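Enquirer: Please see the structure below; I have some questions.
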Amino acid sequence: MAARKADLPWGVLEPREAVLNMAPYSPPTGGRAGKLRLDFNENTVGASPRVIEFLKQRLTGERLAIYPEYGAVKAALARYFEVEEDDFILTNGTDEAIQVLINTYVDDRQQVIVLHPSYAMYRFYAEVAGAPVSEIAYRAEKLAFPLEELLDAITPETRAVLISNPNNPTGTGTSRANLERILQKAGHAAVLVDEAYYEFCGVTMLPLLNDYPNLFVSRTFSKAFGMASMRVGCLFSQSGNVEFLHKAQSPYSVNTLAAMAAAVAVEDKAYVERFVTEVLAARELLYVGLERLGIPYYPSQANFVLFQAGGRAVEIRDRLRSRGVLVRDRSYEIPGCVRVTVGTRDQMDRFLKELEEIWKA
Ligand SMILES: Cc1ncc(COP(=O)(O)O)c(C=O)c1O
């Protein structure tokens, strides 16, 4: 019998070493419905009414009985994203996109580079795969994108580079030209540009898919489109790569409802555009409110803003929660910082009013 590597309770089967060594991940807290949800960068008013109508009225028993068929949905999404149908896979949210990318390109003990702080799932899936993760820190000043530091860290051993643009939780982004320098330096590695917040900033690498064979782009329906519960996204690359992504993906990981809802959502382009316009106006209002209170913040290219609460980050989060307003404490990774999702101007008015009362108390 093989020696046990860990002190596990009696009767527990020893997992792979990579899983044994991982820090446990704590999923979001429950009980968020009905509160002012400014903690997960979701759409704060919900999906297009057309999507809701579709889900309520147009579902048939037969549709539910049949395994998913993605043809029509892929055609609709290809038109919307202005790519070919062979240039992407549908994924169960961005999370599955990251997982499929890692499963396709990264073996046990091959290096993955991520930035810090950034979206936690990059490290999560790399660690599950047994890949050592190198972290490059965002610059202390203005939390700017650490281009030179990242370029220096890329070596012939690098297998994947995972970047969120704009980045969560810093809100800072980088240019297409900078990302091209990374694609060139990491020509032998898979480079993922996660564009979860694209709608709020307008910078995209999608038109460059065929210029860089190592470029992968992900998009999601969880943020601007207001469909986080449906778990649907897309992973794009040139079609030769997409064939391999398909091979590494479970065939039905996106359910029929989610896939069809995504196709309906892109038909209502005006709905998302209106929401984005509202968020951008609300973000200005938020900046003005924070300035009035003398609270420093980091200007953002996304639908969330990090502000400096000094030693009061956890207290502010807890006291806002007791008033029905949810925000995220990020002080464990950026000292003193709280992240607030930007919703509508009315929602930001309410947030600022509650914050002001707590701040001045
Ligand atoms: C950068 C980034 N990518 C992806 C996601 C999650 O996307 P999905 O819901 O599509 O898995 C988030 C959510 O917070 C995020 O911040």
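The values are calculated or read from the model by the stated rules, or taken from the named source; none is laboratory data. Everything quoted here is computed from the prediction, not taken from an experiment. Here the Cβ positions follow ideal geometry from the backbone for every residue, glycine too, while neighbour counts run over all protein chains shown. These accessible areas exclude ligands, DNA and RNA; they are computed on the full protein's heavy atoms, side chains included. Shrake-Rupley method; radii C 1.70, N 1.55, O 1.52, S 1.80 Å.
Enquirer: Note down the nm distance, to one decimal, between modelled labels 7 Å out along Cα→Cβ at Leu13 and at Thr277.
Expert: In this crude spin-label approximation the distance works out to 5.6 nm.
Enquirer: Another question, then. Give a residue-ordered list of calculated ³J(HN,Hα) values for the range 346-361 (Karplus: 6.51 cos²θ - 1.76 cosθ + 1.60, θ = phi - 60°; whole Hz; x for Gly, Pro).
Expert: Once θ is set to phi - 60°, the couplings for the range 346-361 become 4, 5, 5, 4, 5, 4, 5, 5, 5, 4, 4, 4, 6, 4, 8, 6 Hz.
Enquirer: Can you work out the FRET efficiency for the pair Ala78 and Arg181, with r the C-beta to C-beta distance and R0 = 35 Å, to the nearest 0.05?
Expert: After rounding to 0.05, the efficiency reads 0.75.
Enquirer: Calculate, for the chain, the solvent-accessible area per residue in square angstrom, rolling a 1.4 angstrom probe over the heavy atoms of the protein chains.
Expert: Value for the chain: 46 Å² per residue.
Enquirer: Additional query: Quick check for me: using +1 on Lys/Arg Cβ and -1 on Asp/Glu Cβ, what's the dipole size of the chain about its Cα centre, in debye to the nearest 20?
Expert: Result for the chain is approximately 1080 debye, rounded to the nearest 20.
Enquirer: Which distance in nm do the two modelled labels at Lys247 and Ser26 give, with both placed 7 Å along the Cα-to-Cβ direction?
Expert: Placing both labels 7 Å along Cα→Cβ, they lie 4.1 nm apart.
Enquirer: Another one. Given the options His188, Ile358, Ala72, identify the residue whose Cα lies farthest towards the positive end of the charge dipole of the chain (+1 on Cβ of Lys, Arg; -1 on Cβ of Asp, Glu).
Expert: Of His188, Ile358, Ala72, it is Ile358.
Enquirer: Could you tell me the calculated FRET efficiency between Asn210 and Ala33, based on Cβ-Cβ distance and R0 = 51 angstrom, to the nearest 0.05?
Expert: 0.75
Enquirer: Just Thr91, Thr29, Thr170 to compare: in a GNM of the chain, with alpha carbon springs under 10 Å, which one fluctuates most?
Expert: Judging by the Gaussian network model, the answer is Thr29.
Enquirer: Could you give the C-alpha radius of gyration of the range 46-178 expressed as a fraction of 2.2 N^0.38 Å, taking N as the number of residues it contains?
Expert: Normalised Rg, Cα atoms only: 1.34.
Enquirer: Further question on the same structure: Compute the separation of the alpha-carbon centres of the range 68-107 and the range 141-187 and state it in Å as a whole number.
Expert: Computed from Cα coordinates, the inter-centre distance equals 23 Å.
Enquirer: Sticking with this one: Can you run phi through the Karplus equation (6.51, -1.76, 1.60; θ = phi - 60°) for the range 268-275 and list ³J(HN,Hα) in whole Hz, with x for Gly and Pro?
Expert: With the stated coefficients, the range 268-275 comes to 9, 4, 4, 5, 5, 4, 5, 5 Hz.
Enquirer: May I pose another question? Determine how many Å³ per residue the convex hull of the Cα atoms of the range 146-284 encloses.
Expert: 129
Enquirer: Taking the convex hull of the alpha carbon atoms in the range 207-361, what volume per residue do you get, in Å³?
Expert: Once divided by residue count, the hull of the range 207-361 is 162 Å³.
Enquirer: Still on this structure, please answer the following. So what's the Cα pair-distance distribution over the chain, bin width 20 Å, in %?
Expert: P(r) over the chain, rounded to whole percents: 28, 57, 15, 0.
Enquirer: With θ set to phi - 60°, apply the Karplus curve 6.51 cos²θ - 1.76 cosθ + 1.60 along the range 146-162 and write out the HN-Hα couplings as whole Hz, x wherever there is a Gly or Pro.
Expert: x, 4, 4, 4, 5, 4, 5, 7, 6, 10, x, 7, 5, 9, 8, 10, 10
Enquirer: Taking R0 as 22 Å, what's the FRET efficiency between Ala65 and Asp86 from their Cβ-Cβ distance, rounded to 0.05?
Expert: After rounding, the FRET efficiency stands at 0.15.
Enquirer: Would you mind checking which residues have amide H under 5 Å from Asp39's amide H? H placed 1.01 Å from N; only 5 or more apart, or other chain.
Expert: Residues meeting the amide H criterion: Thr341.
Enquirer: Going by average Cβ density within 10 Å per residue, which order do the peptides 80-86, 30-36 take, highest to lowest?
Expert: Put in order of decreasing packing, that is 80-86, 30-36.
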